[in-house]
Each structure stands twice: as structure tokens, then as C-alpha cells.
1. Within the set of other residues whose C-beta is less than 13 Å from the C-beta of Glu19, count the net charge using Lys and Arg as +1 and Asp and Glu as -1.
2. According to the Cα gyration tensor, what semi-axes, each the square root of 5 times an eigenvalue, does the equivalent ellipsoid of the stretch 44-108 have, listed from largest to smallest in whole Å?
3. Distance between Cα centroids, the stretch 124-200 to the stretch 47-118: provide it in whole Å.
4. Report the net charge of residues surrounding Arg171, where surrounding means a beta-carbon distance below 15 angstrom and charges are Lys +1, Arg +1, Asp -1, Glu -1.
5. Taking 0.36 nm per intervening residue step and subtracting the Cα-Cα distance, what contour gain separates Ala99 from Ser137 on full extension?
6. Roughly speaking, to the nearest percent, how much of the stretch 106-204's 1.4 Å accessible area is carbon and sulfur?
7. Can you give me the accessible area per residue for the stretch 1-146, using a 1.4 Å probe, in Å²?
8. By how many nm would the segment from Asp64 to Glu194 grow when fully extended, if each residue of separation counts as 0.36 nm and the alpha-carbon distance is taken off?
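The values are calculated or read from the model by the stated rules, or taken from the named source; none is laboratory data. Treat the numbers as computed from the prediction; the structure is a model and nothing was measured. Cβ atoms come from the backbone with ideal geometry, glycine included; neighbour counts cover every protein chain shown. Side chains are part of the model used for accessible areas, which takes the heavy atoms of the whole protein and leaves out ligands, DNA and RNA. Shrake-Rupley method; radii C 1.70, N 1.55, O 1.52, S 1.80 Å.
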Amino acid sequence: MGQSLGCIQVDQSNVAIKEHFGKFDEVLEPGCHCLPWCLGYKVAGILSLRVKQLDVRCETKTKDNVFVTVVASIQYRALAANAVDAFYKLSNTKGQIQAYVFDVIRASVPKLDLDDVFEQKNEIAKAVEEELEKAMSAYGFEIVQTLIVDIEPDVHVKRAMNEINAAARMRVAANEKAEAEKILQIKKAEGEAESKYLSGLGIARQRQAIVDGLRDSVLAFSENVPGTTAKDVMDMVLVTQYFDTMKEIGASSKASSVFIPHGPGAVRDIASQIREGLLQASSIEQ
């Protein structure tokens, strides 16, 4: 209705291409414009100035002969100052951009190994953007941003890479586990050594206390009982310990045999009898 009356409305972020009898006349900015169609004026088309995005999937091969699919995201827009070139010079903008992306990616990726492709994707994106900027600026388009959003190796290659990564992690875990077990064994050995050392100190102190007690007993008995010697006191101590030992052996349910002969003849001979009993036990075992 507006065009039949010679009026046209151009929306925001768009420009209109005005022609006069098929020849370019001017670029119409957003707003309302009069186009007397009866005088040969018309709108040839509307050009959007908004940023557009084109995702390009490109299959190529790396330097180590691995086929990958590289997905590039191209963000571009037409420039209002060059709207005439953007409208008239290109008939298939997306196809033109896609061709340049294919050319740059297939020239860059085959120079790199697969791991380097992942590490240098920003450099690849930069190379694509520079090439597109030089080519598309002549057609009135601006390349806003170029991103490599995905790198997809062949499914078998991806599975192999995951297995390699898993094996490496398992190897690290095994090493850590071995180190932990080693530390536990070392700590256990150190604890046992410390325990035995302290046990030895305890036994040594116990024996020292026994010797000190016996010495004090001998001295006290010799002083209180005139005429007794140290040997007499020791014989009495040995007899006392002998009967205490026999009492403990008799009270134990696990005792099966005793190799010390029973029936001492005299108190003074108890030491020699104990020594003889030990010698007899040794001869029986042999």
C-alpha cells in the first residue's frame, strides 16, 4: 500500500537500494522515503547491516595423516558506507566466505600434527580472519570475528587418543600407589625399629634394676645377719626363685615338660644343680 502511494519504510539496522529505471540511484537510510514509481523509481532490495554468523565445516588431513573436521564460525556484516558493493558485487555471500575458509584451513592444517592443531587453533583462526578480511573488504563486508569452535578427529583416532590418555593416567596412579605403599613400609619398619629399641632399653633397665636390687639385698642381709657371706645370700635367692618358678610351671595348664632336675640336696648346692639341669636339657635336645 505504501509503495503504491510512492512511500516506503526502511527499518532500523537496514538500508534500501533505490534504483531509477533499473540504474542505481542512492542508498536509503532507515525511515520513511517517497518513491514515485510512476517516475521510474523503485526499491531494488533491502540490505541488513546486522552481524551474521556462518558456521563452516571443513574436512582436511593433518601432517601425521589424521583426517579431522574443523568447524569455523565466521561473524560478518555489511558496511553501510559500502552498501552498493555489498548489494551488487556478490550474489552468494555465504558461498564466497565458505570458499575462502576452505582454502585457508586446507593450506594451514596439513602443515601441523594433530596435537599441534589443537594447540594452534587460535593461529588458524587468525589466518582465516586475515584472508577473509582482505577478500571481503572489496565487496563491502567486514569480518567481525573468526573462531575455530571445534576440531573433530576420526572416531577411531579419538578412541585411541582417549585410551592413550587413560593408560598414561593409570601409569601415574600406579606410581603414586607404589610410592604410598613404599612410604607405609618405611614408616612401619621405622616404627618396629623404634619399638625394638625402646623394648631393649626397657629390658636393660629391668636387668639393671634386678642387679641393683640383688646387690642391695645382699648388703642388707650381710649387715643384719652376722657371719653370712654374699654367696650364702645368693644361694638363698636362687632357691627362692627356683621354687617360685616351679610354682608357676605347675600352675600353668600349657606346661608339658620340665628339664630341671627336682630335689636339691642342700641350699649351698642349688646353683650347681641348676647349671647341671641346663646341661642335661641341652644334651636331651641334641
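1. Numbers: positive: Lys18, Lys23, Lys42; negative: Asp25, Glu26.
Charge balance in the 13 Å sphere: +1.
2. On the way: eigenvalues 190, 23, 14 Å².
Over the Cα atoms of the stretch 44-108, the ellipsoid semi-axes are 31, 11, 8 Å.
3. 30
4. Working: positive: Arg169, Lys177; negative: Glu163, Glu176, Glu179.
Residues near Arg171 contribute -1 overall.
5. Working: separation 38, 0.36 × 38 = 13.68 nm, distance 1.54 nm.
Gain on extension, Ala99 to Ser137, equals 12.1 nm.
6. Details: 3870 of 7010 Å².
On the stretch 106-204, the fraction of accessible area on carbon and sulfur atoms equals 55 percent.
7. 57
8. Details: separation 130, 0.36 × 130 = 46.80 nm, distance 5.89 nm.
Here the answer is 40.9 nm.
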